[in-house]
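S.K.: Could you have a look at this structure, given as C-alpha cells, before my questions?
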Amino acid sequence: GRPFDFRQLAGKWILLTAGGGECTGGCPDALLQMRQQRLMTGKDSERVERVWLIIDNAPLSTLLMREYEGTYFVRAPADAVREWMVNGPELNGVVALVDPVGNLMLRWPRDPDPRRVKADLARLLTASSHWIRMEKTQ
C-alpha cells in the first residue's frame, strides 16, 4: 500500500521472484526457497533481503503474507519485470539474485538443487565481504 524504492535495499543482496498475486504454479516454491536460502546463510542473513514482484492486481492472501513475513511484496509492471528478470514470458518460480549495487547477478531455474543455490550464495557473500566500496568523486 506504500511506494517502494529499491534504493532502500542498497548494500544488500536481494533474492527476487515475480509472479501473480494469487501465487500459483512455482510461486509458493520460489517464496519458500528464498526464505530457506536466507536462513541458511546464517550470520550473513542480515545481508540478504527477499522481494516478491507482484505483476498483476490480484489481492494477496493474508495467510501468505504472514507465512513469508520479512519479504517485501512489491507491485510492478509485468512487461518490465519480464524483460529485466528473465528475458522471456515465464516468471513464475524463477528466483534471481541482485547484487548490493542493483545488478542482476544470476537466475536459478525452477526447482534448483538447494545445496547448489546455498553454495552459490555462500561464495558470493564471502567474496563480497572483502569488497571495498569506492565513492565517486568529481
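S.K.: Roughly what angle does helix 114-128 make with the longest principal axis of the chain, taking Cα atoms, 0 to 90 degrees, to the nearest 10?
M.R.: 40
S.K.: Taking 0.36 nm per intervening residue step and subtracting the Cα-Cα distance, what contour gain separates Glu83 from Asn57 on full extension?
M.R.: Answer, rounded to one decimal: 7.5 nm.
S.K.: Computing the accessible area with a 1.4 Å probe over protein heavy atoms, can you report the carbon and sulfur percentage for the chain?
M.R.: That share works out to 52 percent.
S.K.: Between Tyr72 and Lys118, what is the label-point separation in nm under the 7 Å Cα-to-beta-carbon projection?
M.R.: 2.7
S.K.: While we're looking at this one, here's another question. How big is Rg to Rh over segment 21-85, alpha-carbon atoms, Rh as the Kirkwood inverse-mean-distance radius?
M.R.: The Rg/Rh ratio comes out at 0.98.
S.K.: Compute the accessible area per residue over the chain, keeping the other protein chains in place, probe 1.4 Å, unit Å².
M.R.: 63
S.K.: Say each of Met105 and Met65 gets a label point 7 Å from the Cα, pointing the same way as Cα to Cβ; how far apart are those two points in nm?
M.R.: 3.0
S.K.: Taking springs between alpha-carbon atoms closer than 10 angstrom, which of Asp99, Asp111, Asp29 fluctuates most in the Gaussian network model of the chain?
M.R.: Asp111
The values are calculated or read from the model by the stated rules, or taken from the named source; none is laboratory data. None of these values were measured; they are calculated from a predicted model. A quick note on method: Cβ atoms are made from the backbone with ideal geometry, for glycine too, and the neighbour counts reach across all protein chains shown. Note: accessible area is taken over every heavy atom of the protein model, side chains too, but ligands, DNA and RNA are not part of it. Shrake-Rupley method; radii C 1.70, N 1.55, O 1.52, S 1.80 Å.
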